[in-house]
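This is the structure, below, for whatever I ask next.
The values are calculated or read from the model by the stated rules, or taken from the named source; none is laboratory data. Small disclaimer: the values here were computed from a predicted structure and weren't measured. Don't worry about glycine lacking a Cβ; one is built from the backbone with ideal geometry, like all the others, and counts go over all protein chains shown. What goes into the accessible areas is simple: the full protein's heavy atoms, side chains included, and nothing from ligands, DNA or RNA. Shrake-Rupley method; radii C 1.70, N 1.55, O 1.52, S 1.80 Å.
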Amino acid sequence: MGMAFLWAVTAGYAFQQTALIGMLPVLALHLELPPGQIGLAIGAGLIVSAALAPLLVGFMTRRRLYLTLALLILTSLALVGLLLAPQPVGAAFVILLAIRCVQGKAAAVILAITQGASVATARPVAALAGGAAEAGSGPGIGGGADRAFDPFVYRIADDRHGNRCRGQCIPPDARDAGRAVRNPARPVPALAVSPGLALSGAGRGRLGSVGTWNAACTKPPTGRGRNYRRPVPCSRLSCAAGRASPADRARHAHRPGRCDLGHGAVVAGAVAAAIAAGRRHGCRGGGLGPDDRAASGAGHAIETGPGASECRLARLGPACGPWRRCWRRLACLAAWCICALPDGRCAGPDRPADLPEISMTRYDLLGIGIGPFNLSLAALADAVPGLRCRFVERRPRFAWHPGLMIRGAMMQTSFLKDLVTPVQPTSRWSFTNYLVESGRFFDFMASRQGSASRAEFADYMGWAAHGLDSTVFGDHIESVSHDGQGFTIAAASGRTWHSRAISIGNGLQPNLPDFAQPGPDWLHASRWLDRKITLAGRRIVVIGGGQSGAEIVLDLLSLPDRPARIIWISRRSSYWTLQDGAFIDQFFAPDYVAAWRQQSAPARHAVLAEQKYASDGITQATADAIYQALYEHRRQGRRDVLLRPGREVRAIRRRGARQLIESRVEGSETPEYCEADLIVRATGYRQTFPDFLQPLAGRMQHQPDGALTLNESYRVIWDGPQDTPIYAMNHGRRSHGIADPQISLAAWRSAVILNDLTGQTLFNVHPGGGTEPMIDWPGRQVASQPEQCTIATAMRRSAP
Ligand SMILES: Cc1cc2nc3c(=O)[nH]c(=O)nc-3n(C[C@H](O)[C@H](O)[C@H](O)COP(=O)(O)OP(=O)(O)OC[C@H]3O[C@@H](n4cnc5c(N)ncnc54)[C@H](O)[C@@H]3O)c2cc1C
């Protein structure tokens, strides 16, 4: 009976702990909360439970404990059900809280029993004072508990027998000193219950934590009146703490592999560590990270760093559906936890013998940041046999300007200008293939959209980003160094990669002009949807007359909770729309880039300035929608929206809770003022020199604003060896023109880079194929036969 009870309690606890650990990645996905927060909440819950444990000691009867156990299992099942069933986040949260309250209480009771035994007795399990005389005489959790339980097989150590094992390994000479109790044949249960906690039977009517159990280093007696004890692995910690005899240390120190810390705090620690590890391993969000996939598929692991290389999961098989992925995530976390024993090694005896070999792979290319540009490179590189690439992104999942993913926002570029199609239309990572795979091809075509919505395009890119094997999420690159042979790329997690070439794709930074000193009542447009500020009844000023400012104004106009006033200030003389048309589109074609690059620096500069609104205006659709909404406002008699173009903001002054904005009207020195409760700075983005490149800063050419200087093939000009190139995305407005920050030429640029990296013509980067271009742009290499080189000639030829 006692054993059955012990097993039941243990199994219940194990179940609860497993659910707790296992639910983390699912929770992170489901509630879209940062896992750090979830870990913190659960860790805090566990600490509170542990702290409450002593209070519960003494009130327990076996009956209550059974009930508690049943409750625990039921709530854990409910929790699993909740996590797997789709429902609104709010409802999920409330139900989750309710379940956790009940479950937490039940867990605390169990904890009270398991931990209370050791705490209250203040002595280890170990040495078994045998005999009926001792049975029942050991110190207990409390009178109530003692009376309530059947005598267990083992009893708590008794000082009288000289086996003082308070947290220490039993000396060798004491091993045979104890006396046996009953049931010589019965083995001792010592079950690893969770990565950081184990339970084992101990004492009469009590359970002891494994910390004390293992500290005893004995196997309990197996027969009343007989002396029988056999050493079991000593607690690595207690041995390491210096309290073990040298002999024991020698004997046990090489027996790691048991999770024998045995305290709630350790569980909390393990949970937090598991989250961190999950993030490192890409176990969170989009399923297993590529490293795990690589480990399971290709048979080798690739990077170095704590916990990274040794704890691979080799045998998880390919993901083939949400269920499988879910299990893979759980398994990944669990495996990490097992590996996260104090010595940081995979537990010797528990480690599968057939884990893949670990090797230090040197990549051909490592991309930093996974925005559309590096993603395009990753998608094209995917089809290049033998090319070893890694792309590392700090976000846990792919996201494309999430703070500005305003409902209804449309792409400014055709969906055919996706990650791959312009240079490799047969790639599986095309937008059309995404539509086909998601079963929406015909519906999309029937919608007659000229371009996709930004949300759908972001979803497409996420589909590619998480489908590619070369991507790693949730790790922030902190530094890049060069050892003469190649690059060492170090991430915040401690992982490092080695690569022959790197590709900088970390994007632009929010531009905050001098007048924009940070304050509580302002936000940059890039965080528009992340705002936690109430807008209803407040005076809101949007600064910036580009697309972001326009989208935010449109969003404000459609809010059900109206702001008291909306003012839209723009330095531009009007709310300029994008220049559009076939000839404008030519600016975003390879031939134009090639011609533009041949012009003199002043000519290039002048052309760039002239082209501003070909890339930086408001889309016609957005401008029209704003105008129509404003018209409707005025028709209803509302005068709470003010448009102020041609104003340059000079200063923002704080007046109590309000902000006073000073601006100058174009062509006048008279200042103009307006008050705001909230300022939105839609002031664009700027180039910066990436922090992680600081170790190499002195060796590369860059502009005063931090933009890296590029050659024709998007190589950064630096003094390193030519066979270890640095490529940079979104740094080439000066060197490659107006198209550089746009998606239009992203695939083409990736093709240029891959050709350059491999020294082969993998992709045709001359789409014209050497035929006469339609337009003879200034700067184009003039052919010898003048009649073939003029636009007039070309037009004459194409005329009917
Ligand atoms: C709201 C908006 C809409 C746009 N719409 C269009 C459009 O329709 N058509 C068009 O052609 N262009 C558009 N653009 C312009 C351009 O296409 C985008 O800015 C594009 O996202 C640029 O891609 P990127 O890869 O350079 O950078 P980003 O998309 O900014 O991605 C950079 C990534 O690098 C990561 N990162 C940064 N530092 C590190 C680090 N140290 N370690 C790891 N990861 C790091 C970031 O987390 C980020 O995910 C738009 C821009 C904006 C702001």
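Using a 1.4 angstrom probe and counting only protein chains, how large is the accessible area of residue 95 in Å², to 10?
For residue 95, solvent-accessible area is about 80 Å².
A follow-up question, please. Using 0.36 nm per residue, how much length does the chain from residue 512 to residue 580 gain when fully extended, once their Cα-Cα distance is taken away?
Residue separation times 0.36 nm, minus the Cα-Cα distance, leaves 21.6 nm.
Could you work out how far apart the two model spin labels at residue 673 and residue 74 are, taking each label as a point 7 Å from the Cα in the direction of the beta carbon, and quote it in nm?
According to this spin-label approximation, the distance is 6.7 nm.
Just order 579-585, 486-492, 369-375 by mean Cβ neighbour count inside 10 Å, highest at the front, would you?
Those peptides, ordered most packed to least, come out 369-375, 486-492, 579-585.
Would you mind computing, in nm to one decimal, how far apart the modelled labels at residue 632 and residue 414 are, each placed 7 Å from Cα along Cα→Cβ?
3.2
Rounded to whole Hz and in sequence order, give me ³J(HN,Hα) for the range 658-672 from the Karplus expression 6.51 cos²θ - 1.76 cosθ + 1.60, θ = phi - 60°, writing x for Gly and Pro.
Result, rounded to whole Hz: 9, 10, 10, 9, 9, 9, 10, 7, 3, x, 9, 9, 6, x, 10.
Given H placed on each backbone N at 1.01 Å, which residues far from residue 391 in sequence or on other chains put an amide H within less than 5 Å of it?
Here 367, 471, 472 satisfy the definition.
With charges set only on the Cβ (+1 for Lys and Arg, -1 for Asp and Glu), what does the dipole of the range 702-753 come to about its Cα centre, in debye to the nearest 20?
Here the range 702-753 has a charge dipole of around 160 debye.
Report the extension gain between residue 666 and residue 712 in nm, rounded to one decimal, defined as 0.36 nm multiplied by the number of residues separating them, less their alpha carbon distance.
12.6 nm
If ligands, DNA and RNA are left out, what is the accessible area of residue 394 with a 1.4 Å probe, given in Å² to the nearest 10?
140
Around residue 539, which amide H atoms from residues at least 5 apart in sequence, or from another chain, sit under 5 Å from its own amide H, with H modelled in the peptide plane?
Those lying under 5 Å, H to H, from residue 539 are 564, 565, 677, 678.
Suppose accessible area is computed on protein heavy atoms with a 1.4 Å probe; arrange 727, 685, 631 from highest to lowest.
Solvent-accessible surface, decreasing: 631, 685, 727.
Please turn the phi angles of the range 563-575 into ³J(HN,Hα) values with the Karplus equation 6.51 cos²θ - 1.76 cosθ + 1.60 (θ = phi - 60°), one per residue in order, whole Hz, x for glycine and proline.
Computed from phi, the couplings for the range 563-575 are x, 5, 7, 10, 10, 10, 9, 9, 6, 5, 5, 8, 8 Hz.
If you don't mind, there's one more thing I want to ask. Give the distance, in whole Å, between the Cα centre of the range 458-521 and the Cα centre of the range 615-646.
Rounded to whole Å, the Cα centres lie 37 Å apart.
Right, something else. Can you list the residues, at least 5 places off or on another chain, whose amide H is less than 5 Å from the amide H of residue 641, using H built in the peptide plane?
566
Full-extension gain between residue 561 and residue 97, please, as 0.36 nm times their residue separation minus the C-alpha to C-alpha distance.
Residue separation times 0.36 nm, minus the Cα-Cα distance, leaves 164.1 nm.
Continuing with this model, one more query. Between residue 44 and residue 772, what is the label-point separation in nm under the 7 Å Cα-to-beta-carbon projection?
Using points 7 Å along Cα→Cβ, the separation is 7.4 nm.
Largest first, what is the accessible-area ranking of 410, 774 with a 1.4 Å probe?
Ranked list, largest accessible area first: 774, 410.
Next question. Got a number for the accessible area of residue 642? Probe 1.4 Å, square angstrom, nearest 10.
For residue 642, solvent-accessible area is about 60 Å².
As a test of reading the structure, rank 532, 612, 417, 105 by solvent-accessible area (1.4 Å probe, protein chains only), most first.
Per-residue accessible area, sorted high to low, gives 532, 105, 612, 417.
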